[in-house]
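First comes the structure, then the notes that go with it.
The values are calculated or read from the model by the stated rules, or taken from the named source; none is laboratory data. Keep in mind that this is a model prediction, so the values were computed, not measured. Here the Cβ positions follow ideal geometry from the backbone for every residue, glycine too, while neighbour counts run over all protein chains shown.
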Amino acid sequence: MMAPDANPMRATAPQSASSGAPSLEYNSLEPRALWNLFLTVGAWAVAALGAVPLLSVLYMLITKGGARLTPELFTELPPAGFELGGGIGNAIQGTLVTVAIASVISIPVAILAAVYLAEFRPNSQIASVARFLAKVLTGFPSILAGVFVYAAVVLLMGGYSALAGGVALAVLMLPTVTLTAEGAMRMVPQRMKDAAIGMGCTNAQVVWSVTLPTALPSIVTGVILAVARVAGESAPLLFTALFSNYWLRNISEPTASLSILIYNFSSMPFDNQIELAWAASLVLVMIVLSFNILSRFIGRPQV
Amino acid sequence: MGNAAALKRPMARGASESAIDCRVDKIYYGKFLAVRDSNIAIEKGKITGFIGPSGCGKSTVLRSLNRMNDLIKGFKLDGKVNFLGQDIYAKGIDPVVVRRHIGMVFQQPNPFSMSIFDNVAFGLKLNRFKGDVEDRVEHALTRAALWDEVKDKLKASGLSLSGGQQQRLCIARAVATQPSVLLMDEPCSALDPIATRRVEELMLELKKDYTIALVTHNMQQARRVADVTAFFSVDISQGGRTGHLVEAGPTDQIFDAPTQTLTKQYISGEFS
C-alpha cells in the first residue's frame, strides 16, 4: 500500500483505493468544503448584521411611536406645552408641500440638463464642467444649501417661507436627479437611437420619442430616491422654512415639517411632545421607505 | 386591408431605371480613406446585393445612401449620391428628410421599447400621417409576414418577440411609411437559419413594391435574393485599408462569369 504522501495526486484528486478511478463523491470534510461552508455562513452573518441597524430603528420607532399612530395624528395641529393630544398634521402637510415645490423646480431643470449631458453635447467642455459640478454638489453639506437659500431667497423675500424651503431642497435634488437621468439616458442602446435616426427623426425627436420614454422607468426611480432623501432633510429647512404651529395656507409663509418637528419636540420637557416626536419619526420613515419600495417597482426592467 | 397583392406596381424591368445613383469618389473618416471610386446604381424594383470581405467598405457605402454616416465624426464624402435626380449631399439638403424617403434596416434587430403597434406606427406619427393608422400598421405587418404571429398581441412590447420576429418588426416599421428605397445592412447576420430564410422570402416579396439595397456578409444570400450584385474589396497593396467597388452586374454574371480576377478569387472562396 502506498503512503498517502507518496501519491502526487493526493492533494487534489483523491483516488479510490480499489479501482484506481478518482473518487467523484462530495466529501464534506475536505478542507475546501469546510472553507466554503465557513465563508457562506460568514457572508450570511455579515448580511444579517447589515440589516440590524435598520430593523432595530424600525422596531424602536414602532414600539415608541406606534401607539400614537391614530387618525388625530394626521389631522390635528401640534399641542401647546402641557396640552394633551394633538397631532402633526401641519408637519406632514409642510413636508409634502416643500418636497412638491422642490420637485417642480428641480425635475424639469435636471432632466433638461441630463438631455444636454447625455445626448446633445456629451463631450463638450460645458458638459464635463457641469457633470463635475453636479458630482461636487451631490456631496454638498445640506446645511450650506440652507444657508445659501437663506441669503438668496429668505433675505430677498423678507421672511422664512415654504417656498424658500422648497428651493433649498431643490438645490439638493438637482444634482442627483441630473446624474441619474443622464445615466439612464446613456443606458438606452445606441441601436434604438440609430433606428430613430434612420426613420428620419431630428435630434429633438429622438430624445423626445425614443430616449426619454425608454429611460423613463430609471429616471422615475432616480427622482423617487431623490425625493425620499430630501423628505428627511432638516438642516436646509432650519434656515428657510423655519417652523409653524399652524396649517400652511400660503407658500410664502413659514411651514412646519416632519424633520424640524422631530428636532423641536424631542428636546421639549413634555411627554406628550416627545411621544409625538416618536410618532413623527415613524411617519417619516414610513414615507421614505414607501418611496424606496415604490422606486423598486417602477424601476423594474420592462420587457 | 389584405389587398397587398392588389397593390403590386408594374416593375421597371429592363428599363433599369435607377432609384439611387451612387457616385462615390472618396469617403473619409477623418484622415482615413475608407472607400474610393465606387459607382453603383441601385435599380428600381430590384434587390442590389453588396458583397465583399470585412472592411471592404460595403456598409460604409450603404450607410452613405441615406446619410446615416453623418452621425460619425469626421465623415466626409467626395462625390454625389443622386436620389431620384437630386444629389442628397448637395447644399441645403436636410438629411432628416432624406432618411424619411430612404428607410433602413439594421444588422441588430432594434425595435423601440414600446408596443408592437407603436413600433410600426412610429414613422406614421413622425410624418403626421393623416389616414387610417391601424390599417397601415396591419398592412405593414402583413407585408413583413408578421401579422399572423402578432395580431393578438399588438400591445405587447416589441422587445418581447424573438430575434427573427424583431427583425421582421423592424422591416414592418420601415415599410409602414412606404419609403422609396429600403437599405438593409446585414439584416440576417444576427438571425438563425430559419429566421434568415423568412427574411429572405420577405425581401423577394418586398421588391415588388420597393427598391432594396442589401449588404450581406454571406455570398450565398446575395446569390439567393439579389438581382444585381456589387462586389467590393480592399486595397491592401497600397498599405491602407481602403475599400472600393471591384465590379457590379447581374448576379448570375458576377457569380458565374466574373470579369475581374479578384471577384473570381472571392467567389471561389480563395479569400474571405
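So if I check each of B:GLY92, B:GLY79, B:GLY131, B:GLY123, which one is of a type in the set (Gly, Ala, Ser) and in contact with an Asp or Glu (Cβ under 8 Å, 6 or more places away or on another chain)? That would be B:GLY79, the only listed residue that is of a type in the set (Gly, Ala, Ser) and in contact with an Asp or Glu (Cβ under 8 Å, 6 or more places away or on another chain). Of all residues in the stretch A:167-179, one or more are assigned to a helix (DSSP H, G or I), modelled with pLDDT of 95 or more, touching a helix residue (DSSP H, G or I) at 6+ places or on another chain (Cβ under 8 Å) and small (Gly, Ala, Ser). The set of residues from the stretch B:106-119 being within 8 Å of chain A (Cβ to nearest Cβ) and not polar (S, T, N, Q) comprises B:PHE106, B:PRO111, B:PHE112, B:MET114.
Comparison of B:GLN107, B:GLN165 shows that the only residue that is among the polar types (S, T, N, Q), in a loop (DSSP other than H, G, I, E, B) and at pLDDT below 95 is B:GLN107.
Residues that are among the aliphatic types (A, V, I, L, M), surrounded by fewer than 12 Cβ atoms within 10 Å (Cβ to Cβ) and touching a residue at least 12 places away in the same chain (Cβ under 8 Å): does the stretch A:109-129 have at least one? Scanning the stretch A:109-129 turns up no residue that is among the aliphatic types (A, V, I, L, M), surrounded by fewer than 12 Cβ atoms within 10 Å (Cβ to Cβ) and touching a residue at least 12 places away in the same chain (Cβ under 8 Å). The set of residues in the stretch B:120-149 being facing chain A (nearest Cβ under 9 Å) and of a type outside the set (A, V, I, L, M, F, W, C) consists of B:GLY123, B:LYS125, B:ASN127.
Conditions (1) surrounded by fewer than 24 Cβ atoms within 10 Å (Cβ to Cβ); (2) not in a helix (DSSP H, G or I), marked per residue:
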position	(1), (2)
B:LYS73	yes, yes
B:PHE117	yes, no
B:VAL120	no, no
B:LEU124	yes, no
B:GLU134	yes, no
B:ALA145	yes, yes
B:GLU149	yes, no
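One residue alone among A:ALA215, A:ALA196, A:ALA204 is without any contact (Cβ under 8 Å) to a residue 40 or more places away in the chain, in a helix (DSSP H, G or I) and farther than 21 Å from B:VAL96 by Cβ, and that residue is A:ALA215. Here the stretch B:37-58 is the region considered, the condition is being outside any strand (DSSP E or B) and at positive phi, and the residue that is modelled with the lowest pLDDT is B:GLY55.
Can you give me the number of residues within the stretch A:251-276 that are without any contact (Cβ under 8 Å) to a residue 24 or more places away in the chain and either within 14 Å of chain B (Cβ to nearest Cβ) or assigned to a helix (DSSP H, G or I) (or both)? Number of matching residues: 4.
The residues of the stretch B:153-197 that are within 13 Å of another protein chain (Cβ to nearest Cβ), of a type in the set (Gly, Ala, Ser) and in contact with a Ser or Thr (Cβ under 9 Å, 6 or more places away or on another chain), listed by number, are B:ALA156, B:SER157, B:GLY158, B:ALA172, B:SER180.
Among the residues of the stretch A:198-208, the ones that are surrounded by fewer than 23 Cβ atoms within 10 Å (Cβ to Cβ) and at the interface with another protein chain (Cβ under 7 Å from one of its Cβ atoms) come to 3 in all. When the stretch B:188-244 is filtered for residues that are assigned to a strand (DSSP E or B) and either of a type in the set (Lys, Arg) or under 17 Å from the mean Cα position of the chain (by Cα) (or both), the ones remaining, listed by number, are B:THR211, B:ILE212, B:ALA213, B:LEU214, B:VAL215, B:VAL228, B:THR229, B:ALA230, B:PHE231, B:PHE232.
Picking from residues in the stretch A:172-187 that are surrounded by fewer than 23 Cβ atoms within 10 Å (Cβ to Cβ) and β-branched (Val, Ile, Thr), the one that is farthest from the other protein chains (Cβ to nearest Cβ) is A:THR176.
When B:VAL98, B:VAL61 are screened for being surrounded by 23 or more Cβ atoms within 10 Å (Cβ to Cβ), of a type in the set (A, V, I, L, M) and either away from chain A (no Cβ under 14 Å) or part of a helix (DSSP H, G or I) (or both), only B:VAL61 passes.
Can you find a residue in the stretch A:266-275 that is surrounded by 20 or more Cβ atoms within 10 Å (Cβ to Cβ), under 21 Å from A:THR70 (Cα atoms) and out of contact with any Lys or Arg (no Cβ under 6 Å at 6 or more places or on another chain)? Yes, some residue in the stretch A:266-275 is surrounded by 20 or more Cβ atoms within 10 Å (Cβ to Cβ), under 21 Å from A:THR70 (Cα atoms) and out of contact with any Lys or Arg (no Cβ under 6 Å at 6 or more places or on another chain).
Of everything in the stretch B:127-180, what is closer than 20 Å to A:VAL188 by Cα and aliphatic (A, V, I, L, M)? Give them in sequence order.
B:ALA156, B:LEU159, B:LEU161, B:LEU169
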